[in-house]
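Read through the structure below, which is laid out as structure tokens, and then see the notes.
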Amino acid sequence: MNYSLSPDMDIDGLLARAHQFDPQALSQLHDQLYPQVYRYVAYRLDDPQACEDISSEVFLRLLDVLKKKVQTVQSARAWVMGTANHLVMDYYRNKYRRKVEKLENHDDLPDYHSPEGETESRQVHQEVQDAMLNLTDDQQHVIALRFSQELSLEETAQMMGKTVNAVKVLQYRALAALRRQLDRRYM
């Protein structure tokens, strides 16, 4: 028997009960989706505290939407991932604004020295995250969905509201841009 659709069907069933504010359904929905949301956010950020804050904020916003009963969430998984994407982008916008404000106020620049004994894999991970910041929002989103969530092309296309071919092209261009940026760092 094929259970590949079972998790999404279970989540959609929980979502229907969550619309009625069933506490058990809300709890189960959180328990099933939080690890995926956290992994998605952590793939894009290198700040564990910010990852926790953003992941929690996603579920607070879900509760707000469910309370309003004006907007209904059709797919819980797609909604939480889309909201996580928006919150990550807000995080970067705010971080950028703070850096600009510091520069305008002539404050000292932050110290970017890595801790002693940092492993090579940690350095590579950081370099990839830095390089990802130079990608477009859609490119960052497709890379995070495909690799942190291990979603298929079809699932990624559905979550992003794009065709499978558009996702393929977006992923190809994103990976090519990452490769070019990383090659420049090692030349």
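Brief remarks on what is shown
- Cross-chain or 6+ apart pairs with Cβ under 8 Å, region 14-35 first and of a type in the set (S, T, N, Q), then outside any loop (DSSP other than H, G, I, E, B) and buried (at least 18 other Cβ atoms within 10 Å of the Cβ): 28/14; 32/11; 32/14
- Some residue of region 172-179 being under 26 Å from residue 33 (Cβ atoms) and surrounded by 13 or more Cβ atoms within 10 Å (Cβ to Cβ): yes
Quick grid of which residues meet (1) more than 25 Å from residue 83 (Cβ to Cβ); (2) outside any helix (DSSP H, G or I); (3) hydroxyl-bearing (Ser, Thr, Tyr):
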site	(1), (2), (3)
129	no, no, no
134	no, yes, no
142	no, no, no
165	yes, no, no
172	yes, no, yes
178	no, no, no
183	yes, no, no
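- Taking every residue in region 137-157 that is closer than 17 Å to residue 177 by Cβ and pairing it with any residue that is outside any helix (DSSP H, G or I), at least 6 positions away or on another chain, the pairs with Cβ-Cβ distances below 6 Å are 145/151.
- Verdict on residue 154 being loosely packed, with under 13 Cβ neighbours inside 10 Å, part of a helix (DSSP H, G or I) and at pLDDT 80 or above: yes
- Taken across region 83-93, residues that are on the phi < 0 side of the Ramachandran plot, surrounded by fewer than 16 Cβ atoms within 10 Å (Cβ to Cβ) and at pLDDT below 85 do occur, with at least one present.
The values are calculated or read from the model by the stated rules, or taken from the named source; none is laboratory data. Since the structure is predicted, the reported quantities are computational estimates derived from the model, not experimental observations. Virtual Cβ from ideal backbone geometry, glycine too; neighbours counted across all protein chains shown.
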